[in-house]
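Below is one structure, written out as structure tokens, with a few remarks after it.
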Amino acid sequence: MKIGICDDDKQMMTLIEQMILAFPSDKVDWHIECFDSGRAIVASETIFDLVILDVQMPEMDGIEVAKHLQEKDWQTMIMFVSSHAGYNRMGYRLGAFQFLIKPFDQETFHEELQRAVEHYEQNHRTFKGANKDTVFALPLGDIVYFKVEGRQIIVHTQDGGTHQTYGRINQ
């Protein structure tokens, strides 16, 4: 799971990273990148699954950063962190996954991180199939519908493509 942490307070950024690494899970492979400014994370070419984002930062605030990140990939989950509760309304208008008020404890953070992991896993489930030419795995979110003709399964995807495999739909 690719996580971006963006906070102009380096101590807070390090604390959040340590809390992620202390998260009790053996099935999540963390890829964490830290940024000390909004401009730096926006300039990154990485598409993140989750971004933990401070709201109040110089030059480019977290709200503006979130807008840029969602233009890159609307599926990126945004978890705002701020010492000012007044920003939570604006954050949720942007579709924020969560808004945590600083300071927060590790237990609270881990509860929200668990929710993010579950959301990520749900959105990254795949349908696997094979035909004589290839083996494929399609994200369930990309599949529009299945058509079954005898033992042949034809998978229709959002991009207008089709993929054929053999088997039973309940496999």
Between ALA137, ALA116, which is at pLDDT 90 or above, among the small types (Gly, Ala, Ser) and either exposed (fewer than 14 other Cβ atoms within 10 Å of the Cβ) or not in a loop (DSSP other than H, G, I, E, B) (or both)?
ALA116
Matching residues, segment 137-150, being hydrophobic (A, V, I, L, M, F, W, C) and within 10 Å of GLN164 (Cβ to Cβ)
none
Of all residues in segment 29-54, count the ones that are within 19 Å of MET19 (Cα to Cα) and among the aliphatic types (A, V, I, L, M).
5
Give the residues of segment 84-101 that are free of Cβ contacts under 8 Å to residues at least 24 places away in the same chain and under 20 Å from ASP9 (Cα atoms), sorted by residue number.
ALA85, GLY86, ASN88, GLN98, PHE99, LEU100, ILE101
Matching option when the condition is without any contact (Cβ under 8 Å) to a residue 12 or more places away in the chain and β-branched (Val, Ile, Thr), among THR76, THR108, THR126:
THR108
Can you find, within segment 119-129, the residue that is farthest from the chain's Cα centre (by Cα) among those that are surrounded by fewer than 14 Cβ atoms within 10 Å (Cβ to Cβ) and assigned to a strand (DSSP E or B)?
LYS128
Any idea how many residues of segment 55-104 are at pLDDT below 85, of a type in the set (A, V, I, L, M, F, W, C), under 24 Å from VAL117 (Cα atoms) and over 17 Å from the mean Cα position of the chain (by Cα)?
1
Among the numbered conditions (1) closer than 20 Å to MET12 by Cα; (2) at pLDDT 90 or above; (3) over 18 Å from the mean Cα position of the chain (by Cα), tell me where VAL144 comes up short.
(1)
Out of (1) over 16 Å from LEU53 (Cα atoms); (2) out of contact with any Lys or Arg (no Cβ under 8 Å at 6 or more places or on another chain); (3) surrounded by 10 or more Cβ atoms within 10 Å (Cβ to Cβ); (4) free of Cβ contacts under 8 Å to residues at least 60 places away in the same chain, the one ILE154 does not meet is (2)
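The values are calculated or read from the model by the stated rules, or taken from the named source; none is laboratory data. Being a predicted model, the structure only gives us computed values, none of them experimental. Cβ coordinates were reconstructed from backbone atoms using ideal geometry, including for glycine residues, and neighbour counts include every protein chain displayed.
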